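Working notes, structure below.
The numbers here are math on the coordinates, done by the rules we state, and not lab data. Note that the coordinates shown come from a computational prediction; the quantities given were computed from them, not determined experimentally. Cβ sites come from the backbone with ideal geometry, for glycine too, and all protein chains shown count toward neighbours.
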Amino acid sequence: MLAAVVAGFSANAARGHEAAPGGCELHVWPSGELNSVYQGWIHGGIVNGAVTGRDGYPEVPPDPLGAASQTELLDRAQPQGIIGLHSYRLIVHPQPLTSREIRTTPGRLTTDGAPCYAELIVDDVFLQQDVFFGSQLKSSLRYRDFGDGVAPAVTPVRVFGTWVKTPLKLFPPKEGVDRKAASDDLKSAYVANLTRFAEALNKPAKGKRGK
């Protein structure tokens, strides 16, 4: 399964695709580097203690899920199909957005004028390690839909964001664990989180309770 997720990534995946004139488009951005939080027996809670090599924290390989790696994963996963936008053209942007850009831009994050337009932003990725509950990859994603009208919408008609998580079996690699297998485990969880986000995004709204 892991091999099916990560094998055969295209060499040009780290580059953003040129937008085609007309048609529907989904613009996607990776997050910055992987962050971490660890909860142990006698200490924990320090953000990025593991990924920065802090004493007393489990070792994490350097830059295990950087923007370039995420760009390849996003290009390969084709998230427009995962979230149900099957007719949309995918444009993957290799450069992560800043927190300020994500939170303060009311309109489109690009200058693209396609009338049928949506955005998917991987806002953050977190390695959460717990001595009791094991390791998980948590992803914060945001979706902004600008509709499919005749004229380009100035502001989104729908905004949705949430955290999702997937358990990790091999990452971070312990002594004796193959590092490639551990890396594949992390990448598989990254793609799995796209599916979990799509499930939350497309979950039917709860009906009002009757009296």
- In a shell of Cβ-Cβ distance under 14 Å around residue 160, excluding residue 160 itself, what net charge do Lys and Arg (+1) and Asp and Glu (-1) give? +1
- Item | Stretchable slack from residue 154 to residue 105, in nm (0.36 nm times residue separation minus alpha-carbon distance) | 16.5 nm
- Query: Any idea what the dipole of the stretch 23-201 comes to, in debye rounded to 20, about its Cα centre with Lys/Arg Cβ at +1 and Asp/Glu Cβ at -1?
  - Reply: 260
- Cα-projected label distance for residue 112 with residue 177, points at 7 Å along beta-carbon direction, nm: 3.6
- Task: Read phi for every residue in the stretch 96-110 and hand back ³J(HN,Hα) as whole Hz from Karplus 6.51 cos²θ - 1.76 cosθ + 1.60, θ = phi - 60°, with x for Gly and Pro.
- Result: x, 7, 7, 4, 5, 4, 5, 8, 10, 8, x, x, 5, 8, 10
